[in-house]
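Colleague: Pasting a structure here, questions to come.
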Amino acid sequence: MTQLMKYVCETCGSDNVSTEAYVDWDTSKQAWILDELVCEGIDWCSDCSEDTTLDYVPVTDLRTIAEYTIAKEKANDAARTNPSG
Ligand SMILES: [Zn+2]
């Protein structure tokens with residue numbers, strides 16, 4: 001199984017975090033598409049409501065791993081029943 005990873009707040013350990021990135025507008029998808037992360041950008045923790053530094057750590061929470069696995073299975077099932085996607 002793939003080792004799931006997450007970014008967490010260095011201060012409180014929460015994964016309720018954000019970082020700065022450039023996004024490109026895509027008219028056909030009607031959405032902003034991630035281009036790249038801003039080098040030396042500001043990282044933010046919504047739980048601390050402060051700038052923070054992020055740690056990149058393995059996910060050990062079984063519920064999160066289960067939710068990821070179920071979502072992936074559903075996506076695979078959808079791809080099988082609707083190959084044109
Ligand atoms: Zn925090």
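Colleague: Just the residues that are in a strand (DSSP E or B) and free of Cβ contacts under 8 Å to residues at least 40 places away in the same chain, please, taken from segment 1-13.
Modeller: If the condition is that a residue be in a strand (DSSP E or B) and free of Cβ contacts under 8 Å to residues at least 40 places away in the same chain, then no residue fits.
Colleague: Residues in segment 21-42 that are among the acidic types (D, E) and within 28 Å of T69 (Cα to Cα): how many?
Modeller: The number of residues fulfilling the criteria is 2.
Colleague: Given the conditions (1) away from the ligand (no atom under 13 Å from the Cβ); (2) of a type in the set (D, E); (3) touching a Leu at 6+ places or on another chain (Cβ under 6 Å), which single one is not true for D43?
Modeller: Exception for D43: condition (1).
One line per residue, one yes/no per condition, for (1) within 16 Å of the ligand (Cβ to nearest atom); (2) exposed (fewer than 10 other Cβ atoms within 10 Å of the Cβ); (3) not in a loop (DSSP other than H, G, I, E, B):
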site	(1), (2), (3)
D15	yes, no, no
V23	no, no, yes
W32	no, no, yes
C39	no, yes, no
I65	no, no, yes
T69	no, no, yes
K72	no, no, yes
D77	no, no, yes
P83	no, yes, no
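Colleague: From the residues in segment 46-61 that are part of a loop (DSSP other than H, G, I, E, B) and of a type outside the set (D, E, K, R), which one is nearest to the ligand (Cβ to nearest atom)?
Modeller: Here the residue is C48.
Colleague: Next question. Go through (1) closer than 19 Å to T2 by Cβ; (2) in contact with a Phe, Trp or Tyr (Cβ under 9 Å, 6 or more places away or on another chain); (3) without any contact (Cβ under 8 Å) to a residue 24 or more places away in the chain one by one and return the number of the condition Y56 breaks.
Modeller: Result: Y56 fails condition (3) only.
Laboratory data are not the source of any read-out in this text; all were calculated from the coordinates shown. It should be emphasised that the depicted structure is a prediction, and the values quoted were computed from it without experimental measurement. Please note: Cβ atoms are built from the backbone with ideal geometry, for glycine as well, and neighbour counts cover all protein chains shown.
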